[in-house]
Amino acid sequence: MSRVKKILERAVQSGRVAGAYLFVGPPGAGKKEAAENFAAVLGCKNQDRIAVGPSGSSIKIDQVRELQGLVRYGPSAGRYLLVTVERADTLTDQAAAAFLKTLEEPAPGVVFALLAEREDRIPPTIVSRCQKIVFAEKAQEWEPKAEFDPFYDKFRSLGDKGALDLLKFSADLHKERERIEDLLYDLSFSARGDARRARIILDTLRFIKRKANLKLSLDVMCLRLGSKNV
């Protein structure tokens with residue numbers, strides 16, 4: 001937390017405050033607390049602090065449109081207005097497209113702090129416009145999910161399998177396409193002791209997020225996971 005505080009304080013002191021920041025990290029890592037501290041460092045009064053979060057399970061386009069109206073004229077009581085977007089990785093596609101326009105043409109003095117657990121669920125066009133700060137100091141230990149139990153043992157034994165078994169595992173994953181991102185993300189956490197495997201899974205997640213062919217992406221991933229040399 002102190003590392004992040006120093007980074008943000010230096011940005012304010014040097015007058016080099018970015019228009020948007022992406023705070024990425026697990027639950028309990030201190031992202032929200034850092035955003036609140038950032039508002040204080042920026043000197044934001046209460047009326048120049050806005051928070052947006054999911055309505056239900058996601059942040060919707062109507063919320064973004066309302067936000068656009070609130071930030072149109074910039075801060076009202078000081079130099080900066082800080083907008084905290086909690087769980088920014090739940091923006092719907094429509095909301096993300098509308099939010100991108102706000103990032104591209106911000107009013108003077110408006111600063112955004114996007115809080116997220118999953119960077120891969122945020123469009124690259126938004127990520128590229130943010131200064132990213134990774135929170136990992138209080139990362140929670142990974143715990144297996146009962147719903148994914150059938151996949152853990154199969155995943156661990158992939159290195160001993162031939163191509164047919166690897167493609168069969170790919171087919172099993174493909175059957176879970178409705179929750180494939182959550183499943184792959186969970187498998188990447190279970191592989192944290194093997195950086196190569198975790199990287200292969202996270203690379204595949206990015207391809208899927210960019211609308212790559214799901215079956216082909218999973219086939220390639222499983223073949224790479226089964227190889228000791230790739």
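Brief remarks follow.
- Test set (1) small (Gly, Ala, Ser); (2) part of a helix (DSSP H, G or I); (3) farther than 20 Å from Asp93 by Cβ - Ser217 fails condition number: (3)
- Residue identified as surrounded by fewer than 19 Cβ atoms within 10 Å (Cβ to Cβ) and either more than 30 Å from Pro54 (Cα to Cα) or not assigned by TED's automatic domain parsing to the domain that holds Val12 (or both) among Leu187, Leu164: Leu164
- Answer from Asp194, Asp203 - the residue that is out of contact with any strand residue (DSSP E or B) (no Cβ under 7 Å at 6 or more places or on another chain) and at pLDDT 85 or above: Asp203
- Evaluated against (1) aliphatic (A, V, I, L, M); (2) closer than 30 Å to Gly15 by Cβ; (3) surrounded by fewer than 14 Cβ atoms within 10 Å (Cβ to Cβ), Leu82 falls short on exactly one condition, (3).
- Every residue from region 54-65 that is at pLDDT 95 or above and not basic (Lys, Arg): Ile59, Ile61, Asp62, Gln63, Val64
- Within region 125-164, the set of residues being modelled with pLDDT of 80 or more, of a type in the set (D, E, K, R) and over 18 Å from Asp186 (Cα atoms) comprises Arg129, Lys132.
- The strands (runs of 3 or more DSSP E) falling completely within region 35-120 that include 1 or more residues that are within 15 Å of the chain's Cα centre (by Cα) map to 81-85, 110-116.
- Any hit, region 199-207, residues being touching a Ser or Thr at 6+ places or on another chain (Cβ under 6 Å), of a type in the set (Phe, Trp, Tyr) and either touching a residue at least 12 places away in the same chain (Cβ under 8 Å) or surrounded by 14 or more Cβ atoms within 10 Å (Cβ to Cβ) (or both): yes
The values are calculated or read from the model by the stated rules, or taken from the named source; none is laboratory data. All values reported here derive from a predicted model rather than from experimental measurement. Don't worry about glycine lacking a Cβ; one is built from the backbone with ideal geometry, like all the others, and counts go over all protein chains shown.
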